[in-house]
Amino acid sequence: MKVLTICGSPRKGNSEAIADRLKGMFEQKGVENEIILLRKKNIQRCEGCVEYCNKHLKCRHNDDMNEIIQKMIEADGYVFVSPNYFAMPPGLFKDFIDKCSVLYTSYYFTKEPDLSKKKAVVITVGTDQEFIDACRDHVAKWFCETLRMKVVSKKSFRSRSELKGNYNDIFENGLNTNINDELEDIVEKLC
Ligand SMILES: Cc1cc2nc3c(=O)[nH]c(=O)nc-3n(C[C@H](O)[C@H](O)[C@H](O)COP(=O)(O)O)c2cc1C
């Protein structure tokens with residue numbers, strides 16, 4: 001089984017620390033897991049030229065989304081992990097979401113690729129519970145489910161606004177007492 005983790009934070013922070021922790025858990029189960037850090041990828045913003053993608057069933061930009069979409073087609077499951085910015089994902093992650101519209105368009109016209117067998121997990125982090133949950137639920141319902149993925153778990157974890165140099169703050173800040181168990185549960189549900 002192959003799980004693809006897409007990390008939507010523009011910095012090396014809590015989302016990335018969670019992705020790393022999950023990778024260790026997947027490895028212990030013998031599950032292949034690749035982490036894609038969107039901050040390290042060249043993703044040009046969707047320009048809305050639907051005349052092109054409706055006709056060619058691909059984006060006219062030759063950027064890193066080609067490789068990411070291919071990996072999404074090959075993977076059996078996904079982890080989407082992102083910060084919450086104003087109850088939404090950051091622009092970096094939203095650019096990724098918008099560029100995934102070729103998956104929607106292609107399925108609409110050709111019934112391929114069919115993502116309905118792909119399991120998805122959505123994890124969001126942020127300082128305020130209400131905002132993080134809103135962001136998480138929005139990504140799960142309007143991104144994952146629109147693309148027909150099967151959302152098997154949704155989690156939100158509370159961060160502090162500054163990491164103060166501690167990459168593992170999300171595990172140590174005292175706000176997420178069961179975080180390791182909850183991540184183990186995610187791995188179980190995905191596998
Ligand atoms: C532009 C911006 C907007 C944010 N908006 C919110 C918000 O509306 N509610 C909230 O709880 N946290 C908000 N945060 C805090 C981040 O969600 C929080 O720092 C998170 O842990 C960042 O994730 P990361 O460490 O993976 O980058 C915001 C942070 C930034 C930079």
Exercise for the section: Go through (1) within 14 Å of the ligand (Cβ to nearest atom); (2) of a type outside the set (A, V, I, L, M, F, W, C); (3) touching a residue at least 40 places away in the same chain (Cβ under 8 Å) and name the single condition Pro113 misses. Expected result: (1)
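Per-residue answers, yes or no, for (1) among the charged types (D, E, K, R); (2) closer than 24 Å to Met149 by Cβ:
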position	(1), (2)
Ile6	no, yes
Ile18	no, yes
Lys40	yes, yes
Cys49	no, no
Exercise for the section: Could you pull out every one of the helices (runs of 4 or more DSSP H) wholly within the range 1-77 that has 2 or more residues that are within 16 Å of the ligand (Cβ to nearest atom) and surrounded by fewer than 20 Cβ atoms within 10 Å (Cβ to Cβ)? Expected result: 14-28
Problem - Unique match (being closer than 19 Å to Ile36 by Cα and either modelled with pLDDT under 95 or away from the ligand (no atom under 12 Å from the Cβ) (or both)) among Val152, Val187, Val81 - result: Val187
Problem - Residues that are in contact with a strand residue (DSSP E or B) (Cβ under 6 Å, 6 or more places away or on another chain) and aliphatic (A, V, I, L, M), drawn from the range 111-146 - result: Ala120, Val121, Val122, Ile123, Val125, Ile132, Val139, Ala140
Exercise for the section: Residue by residue through the range 134-143, note down the ones that are within 11 Å of Val121 (Cα to Cα) and within 13 Å of the ligand (Cβ to nearest atom). Expected result: Arg136
Exercise for the section: Considering only residues that are in contact with a strand residue (DSSP E or B) (Cβ under 8 Å, 6 or more places away or on another chain) and outside any strand (DSSP E or B), look in the range 147-171 and name the one that is nearest to Glu130 (Cα to Cα). Expected result: Ser159
Problem - Subset of the range 84-110 (residues that are more than 16 Å from the ligand (Cβ to nearest atom), over 17 Å from the mean Cα position of the chain (by Cα) and surrounded by fewer than 17 Cβ atoms within 10 Å (Cβ to Cβ)) - result: Tyr108, Phe109, Thr110
Fill in the blank from the handout: By residue number, the members of the range 78-98 that are closer than 15 Å to Lys155 by Cβ and either among the hydrophobic types (A, V, I, L, M, F, W, C) or part of a strand (DSSP E or B) (or both) are Tyr78, Val79, Phe80, Val81, Ser82, Pro83
Completion exercise
When Thr146 is run through (1) under 21 Å from Ile43 (Cβ atoms); (2) surrounded by fewer than 18 Cβ atoms within 10 Å (Cβ to Cβ); (3) polar (S, T, N, Q); (4) within 11 Å of the ligand (Cβ to nearest atom), the failure sits at (4)
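The values are calculated or read from the model by the stated rules, or taken from the named source; none is laboratory data. What you see is a predicted model, and the numbers here were worked out from it, not measured in a lab. Neighbour counts run over all protein chains shown; Cβ positions are idealised from the backbone, glycine included.
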